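Below: one structure, written as structure tokens.
The values are calculated or read from the model by the stated rules, or taken from the named source; none is laboratory data. Treat the numbers as computed from the prediction; the structure is a model and nothing was measured. Positions of Cβ are generated from backbone atoms using ideal geometry, with glycine treated the same way; all protein chains shown enter the neighbour counts.
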Amino acid sequence: MEIFAHVDTWVALLTLTFLEIILGIDNIIFISISANKLPENQVRKATLLGLALAMITRILLLFSVSYLIALKDPFLTIDLEWFHTGLTGQSIILFLGGLFLIYKSTKEIRHKVDTTNDVDVLKTPKVISFTNVIVQIILIDIVFSFDSILTAVGMTNGVEGALTIMVIAVIVSIVIMMIFSKPISLFVNRNPTIQMLALSFLILIGFMLITEGAHLSHTEIFNKSVGTIPKGYLYFAIAFSLGVEMLNLKIRKKK
């Protein structure tokens, strides 16, 4: 496909796949909590099924969100002395999505700073019904899919073949999590700064979604148009931060 002849496509795909994996860590943990209620011989089956359901949920949400973002005609115009905007389905989704990411990320950061040990949470009593556990996992998947999808939209909005990139990133990330679910969970739990870094990236992406929504609705504040944040800046910030974190991990390992 032509879109894969561009460097931007591969950068967006690799970055998004990495973030999808990191964002999926909590999903893996909560799937593990639910799956551990089953007899030991059914735990792995429930975990893989849970991740497969997570992939299906994300892809369905991708198509629905992509449809909403295609709504570019203004349905409400606000014209004040100091503020002007023309609200569209696209701008509303991006703006609310950005607010959600910022809220969810700051809440998660606070939660991780204030608490706790997932090992104690994982010690749950056994139950018999496989169906009940799968229903719980489906609900968990729906909740955890929202920030994942909004991140994908923020990272690829305006990029050619965005939907294709998002679907591929979701599939690749889920497959990787299926193969390495236990090692990935252990690695992130041993190195919580990785997850904290990803949550910080979400705040950046949330802010970018808000400015993108304002730009697409032609928002003007005090006669100044709201511009977009070039994605190259975001990719550089993520790559640079990850490089620094990898060095820190190496130093800590030696110590």
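Scan the range 88-109 and report the pairs whose first residue is closer than 12 Å to Gly154 by Cα and aromatic (Phe, Trp, Tyr) and whose second residue is modelled with pLDDT of 80 or more and crowded, with 16+ Cβ neighbours inside 10 Å, with Cβ atoms within less than 6 Å and a gap of 6+ or a chain change.
Phe95/Ile210; Phe95/Gly213
Looking only at the range 1-40, filter to residues that are closer than 25 Å to Asn191 by Cβ and of a type in the set (D, E, K, R); which one of those is modelled with the lowest pLDDT?
Selected residue: Asp26.
Every residue, every condition in (1) touching a helix residue (DSSP H, G or I) at 6+ places or on another chain (Cβ under 7 Å); (2) in a strand (DSSP E or B); (3) of a type in the set (Ser, Thr, Tyr); (4) closer than 29 Å to Ile31 by Cα, yes or no:
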| residue | (1), (2), (3), (4) |
| --- | --- |
| Val170 | yes, no, no, yes |
| Ile179 | no, no, no, yes |
| Phe187 | no, no, no, yes |
| Gln195 | yes, no, no, yes |
| Leu199 | yes, no, no, yes |
| Ile210 | yes, no, no, no |
| His218 | no, no, no, no |
| Tyr235 | yes, no, yes, no |
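With surrounded by 14 or more Cβ atoms within 10 Å (Cβ to Cβ), of a type in the set (A, V, I, L, M, F, W, C) and more than 16 Å from the chain's Cα centre (by Cα) as the only criterion, which of Ile229, Ile203 stands out?
After ruling out the rest, the residue left standing is Ile229.
Check Gly86 against each of (1) of a type in the set (Gly, Ala, Ser); (2) at pLDDT 80 or above; (3) surrounded by 17 or more Cβ atoms within 10 Å (Cβ to Cβ) and name the one condition it does not meet.
Among (1) of a type in the set (Gly, Ala, Ser); (2) at pLDDT 80 or above; (3) surrounded by 17 or more Cβ atoms within 10 Å (Cβ to Cβ), Gly86 violates only (3).
Does Met155 count as crowded, with 22+ Cβ neighbours inside 10 Å, at pLDDT below 80 and under 14 Å from the mean Cα position of the chain (by Cα)?
Here the answer is yes, as Met155 does meet what is asked.
Could you please tell me which pairs satisfy a Cβ distance under 6 Å, a separation of 6+ or placement on different chains, a first residue in the range 166-178 that is surrounded by fewer than 16 Cβ atoms within 10 Å (Cβ to Cβ), and a second residue that is assigned to a helix (DSSP H, G or I) and basic (Lys, Arg)?
Matching pairs, first to second residue: none at all.
Among the candidates Lys224, Lys182, Lys254, Lys250, single out the residue that is closer than 30 Å to Gly86 by Cβ, of a type outside the set (Ser, Thr, Tyr) and free of Cβ contacts under 8 Å to residues at least 12 places away in the same chain.
Result: Lys224 is the single residue among Lys224, Lys182, Lys254, Lys250 that is closer than 30 Å to Gly86 by Cβ, of a type outside the set (Ser, Thr, Tyr) and free of Cβ contacts under 8 Å to residues at least 12 places away in the same chain.
Considering Leu48, Leu99, Leu68, which residue is at pLDDT below 80 and either among the basic types (Lys, Arg) or out of contact with any strand residue (DSSP E or B) (no Cβ under 7 Å at 6 or more places or on another chain) (or both)?
Leu68 is the lone residue from the list that is at pLDDT below 80 and either among the basic types (Lys, Arg) or out of contact with any strand residue (DSSP E or B) (no Cβ under 7 Å at 6 or more places or on another chain) (or both).
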